[in-house]
Amino acid sequence: MSDRNAMLDVAGLRKSFGSLEVLRGIDLSVAPQELVFVIGPSGSGKSTLLRCCNRLEEPDEGSIRVDGVELLDPKTDINAMRRRIGMVFQSFNLYPHMTVLSNVTLALRKALGKGRAEAREIGEAALARVGLADKVDAYPAQLSGGQQQRAAIARAVALEPKIMLFDEPTSALDPELVGSVLAVMRELREAGMTMVVVSHEMRFARDAADRVVFMDHGAIVEQGPPEQVFGAPEHARTRSFLADFA
Ligand code: ADP
Ligand code: MG
């Protein structure tokens, strides 16, 4: 059932690549300020699901509403919507030839049409929020992976998204750098950001997620509060997946 009050409401979402069915009818509603954590084996369709949610992939069928606006409606201004759907990837995708601050202000200036001074002010505030106040004039290569990922989060947050989608944001990081990125995500959650997080950081899920969704073969197999999905998974497939993380 579609939920009119949801910040993100995915219904009957299907996507194939050629003959490969990657999403086989996904229904997922995310309430405002909810943190939904998505787990599942490699190839289960997690990234494709997130990519459909800002139409980096074109779904074949279904509905995706963000704050009540249907993304698949041809009348929807998809570029305007994309500015409001923050996406953070495993690879940070910062421009290497631009300072950290310029990376953040570029989107503010180009996408939101902010003037130089205002963009700078918003950008500096976003970078301060992720603990990078002293790195505004640094170049990405001068930052650790964790700092680069926090800069990428600041770039998304600066646009004041309605929802943030994270695709394995800490998977490319050395273990000692993961904590600083998760801390920023936790802070965002506490500030009331609506978030969908694909990740293998089960400890983070346990203490920060409202709901855990387990996907396999392009379908949601089960979902529930973390203590339920991790503590008493209903399905054998969930149990066997989780056993690998024990
Ligand atoms: P996950 O993120 O859960 O590992 P993905 O969504 O990346 O899964 O991929 C799901 C399946 O779709 C995989 O079998 C993958 O190889 C396939 N796939 C993803 N993107 C494409 C693409 N652009 N073209 C063809 N196959 C793709
Ligand atoms: Mg993936």
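The values are calculated or read from the model by the stated rules, or taken from the named source; none is laboratory data. In this text the structure is predicted, and so the values were computed from the model without any measurement. Positions of Cβ are generated from backbone atoms using ideal geometry, with glycine treated the same way; all protein chains shown enter the neighbour counts.
Of note:
- Of all residues in region 51-78 being among the hydrophobic types (A, V, I, L, M, F, W, C) and surrounded by fewer than 17 Cβ atoms within 10 Å (Cβ to Cβ), the one that is nearest to ligand 2 (Cβ to nearest atom): LEU56
- Among the numbered conditions (1) surrounded by fewer than 22 Cβ atoms within 10 Å (Cβ to Cβ); (2) under 30 Å from ARG109 (Cα atoms); (3) touching a residue at least 40 places away in the same chain (Cβ under 8 Å), the only one that ASP216 does not meet is (2).
- Residues of region 111-154 that turn out to be part of a loop (DSSP other than H, G, I, E, B), in contact with an Asp or Glu (Cβ under 8 Å, 6 or more places away or on another chain) and of a type in the set (Lys, Arg), as a count: 0
- Residues considered: GLY25, GLY43, GLY12. Of these, the only one that is modelled with pLDDT of 95 or more, under 25 Å from ALA236 (Cα atoms) and part of a loop (DSSP other than H, G, I, E, B) is GLY43.
- Scan region 160-202 for residues that are hydroxyl-bearing (Ser, Thr, Tyr), surrounded by fewer than 22 Cβ atoms within 10 Å (Cβ to Cβ) and within 15 Å of ligand 1 (Cβ to nearest atom) and the total you get is 1.
- Annotation note: of ASN93, ASN54, ASN79, ASN103, the sole residue that is touching a Phe, Trp or Tyr at 6+ places or on another chain (Cβ under 6 Å) and either more than 16 Å from ligand 1 (Cβ to nearest atom) or of a type in the set (S, T, N, Q) (or both) is ASN103.
- Only listed residue being under 27 Å from VAL181 (Cα atoms), hydrophobic (A, V, I, L, M, F, W, C) and more than 11 Å from ligand 1 (Cβ to nearest atom), chosen from VAL88, VAL38: VAL88
- Residue that is surrounded by the most Cβ atoms within 10 Å (Cβ to Cβ) [pool: residues in region 5-50 that are within 14 Å of ligand 2 (Cβ to nearest atom) and free of Cβ contacts under 8 Å to residues at least 24 places away in the same chain]: GLY43
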